[in-house]
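Following: one structure in structure tokens, then a few remarks.
The values are calculated or read from the model by the stated rules, or taken from the named source; none is laboratory data. Quick caveat: nothing in here was measured; it's all calculated off a predicted structure. Cβ coordinates were reconstructed from backbone atoms using ideal geometry, including for glycine residues, and neighbour counts include every protein chain displayed. Accessible surface is based on the protein model in full, side chains and every heavy atom, while ligands, DNA and RNA are left aside. Shrake-Rupley method; radii C 1.70, N 1.55, O 1.52, S 1.80 Å.
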Amino acid sequence: MAQIKIAPSLLAADAANLGEELKKIENAGADYVHIDVMDGHFVPNLAFSPDITKMLRKCSSLVFDVHLMISEPMKYIDAFVEAGADIITFHHEAVDNPAEVIDYIHSLGVKAGVSVKPATDVEVVSSYLDKLDLLLIMTVEPGFGGQSYIEAMNEKIKKARAMIDALKKDIELEVDGGVTAENINMPADCGANVMVAGSAIFKAPDISERIAKMRAAVK
Ligand code: DX5
Ligand code: ZN
């Protein structure tokens, strides 16, 4: 099995010390930092703006993996690119023409991802999957950290892996929600290679130890 990537979600970090939290995950060997953006409309919660992202960019050289859980992603893509996003993922359910949004993100020199909510069949992405750098399968309902991993998503992850393999393209398969050191082997065995984890990492007594434990659990 190829090496997995760990993407700690800042949603679970200490918001009063975000710069230090970023340093901690960077020193602990995280691959990406996952930044959740919520608009109180697509999801019933609010989180992270372009301004905060821009400030965080000054404190870190990690890959900024921006997850837009917002109704009108097109309106904010410029701002997140300007803020220093490396990957911008929007929701399939939020737009009428995902391919157009992917092309727009690419035109700005940034990687593009699409996410699907638990109730959305992953086959909806098949017409534009070949354009994507990353496919994100939600393993909880988007909106809040600290929920339990929905095991019924394992089949969807397997299906997504098969779709990506059939294309023979280097598209990352990310999972987000409820991933812990105890269950990370499930998405890994199903073929996911980027694991987002908020609570499991930031609420750990020792972040480095927890990330190491998560990596070890999939070997
Ligand atoms: C949920 C967010 C996730 C969340 C994951 O809507 O997209 O990124 O922060 O948090 P945990 O790992 O605590 O489920
Ligand atoms: Zn997320």
- Task: Answer yes or no: is there a residue in the stretch 99-115 that is among the aliphatic types (A, V, I, L, M), buried (at least 22 other Cβ atoms within 10 Å of the Cβ), under 13 Å from residue 174 (Cα atoms) and touching a helix residue (DSSP H, G or I) at 6+ places or on another chain (Cβ under 8 Å).
- Result: yes
- Message: Cβ-Cβ under 7 Å, sequence separation 6+ or interchain: first residue in the stretch 137-159 and in contact (Cβ under 8 Å) with a residue 24 or more places away in the chain and on the phi > 0 side of the Ramachandran plot, partner assigned to a loop (DSSP other than H, G, I, E, B) and within 13 Å of ligand 2 (Cβ to nearest atom). Which pairs?
- Response: 143/43; 143/45
- Quick one: in the stretch 151-194, which of the residues that are loosely packed, with under 13 Cβ neighbours inside 10 Å and charged (D, E, K, R) is nearest to residue 217 (Cα to Cα)? 182
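If I ask for residues that are over 16 Å from the mean Cα position of the chain (by Cα) and either in contact (Cβ under 8 Å) with a residue 40 or more places away in the chain or assigned to a strand (DSSP E or B) (or both), which ones from the stretch 23-35 would you list?
24, 27, 28, 29
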- Message: Which count do you get for residues in the stretch 73-93 that are touching a Lys or Arg at 6+ places or on another chain (Cβ under 7 Å), part of a helix (DSSP H, G or I) and of a type in the set (A, V, I, L, M, F, W, C)?
- Response: 1
- Name the residues in the stretch 176-219 that are of a type in the set (Asp, Glu) and within 12 Å of ligand 1 (Cβ to nearest atom), would you? 176
- Query: residue 38 fails exactly one of the following numbered conditions: (1) more than 21 Å from residue 103 (Cβ to Cβ); (2) outside any strand (DSSP E or B). What is the number of that condition?
  - Reply: (2)
- Which of (1) among the charged types (D, E, K, R); (2) without any contact (Cβ under 8 Å) to a residue 12 or more places away in the chain; (3) buried (at least 22 other Cβ atoms within 10 Å of the Cβ) does residue 209 not meet, given it meets every other one? (3)
- Leading residue by the ranking (farthest from residue 70 (Cα to Cα)) among those in the stretch 1-22 that are open to solvent by less than 20 Å² (accessible area, probe 1.4 Å) and part of a loop (DSSP other than H, G, I, E, B): 4
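Can you pull out the residues in the stretch 25-62 that are β-branched (Val, Ile, Thr) and surrounded by 17 or more Cβ atoms within 10 Å (Cβ to Cβ)? Show your work before the answer.
Pass one, the stretch 25-62, residues β-branched (Val, Ile, Thr): 25, 33, 35, 37, 43, 52-53.
25, 33, 35, 37, 43, 53, listed by residue number.
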- Being open to solvent by 50 Å² or more (accessible area, probe 1.4 Å), at pLDDT 95 or above and away from ligand 2 (no atom under 16 Å from the Cβ) narrows 86, 96 down to just 96
- Kindly provide the set of residues from the stretch 105-115 that are outside any strand (DSSP E or B) and within 11 Å of residue 131 (Cβ to Cβ), ordered by number. 105, 106
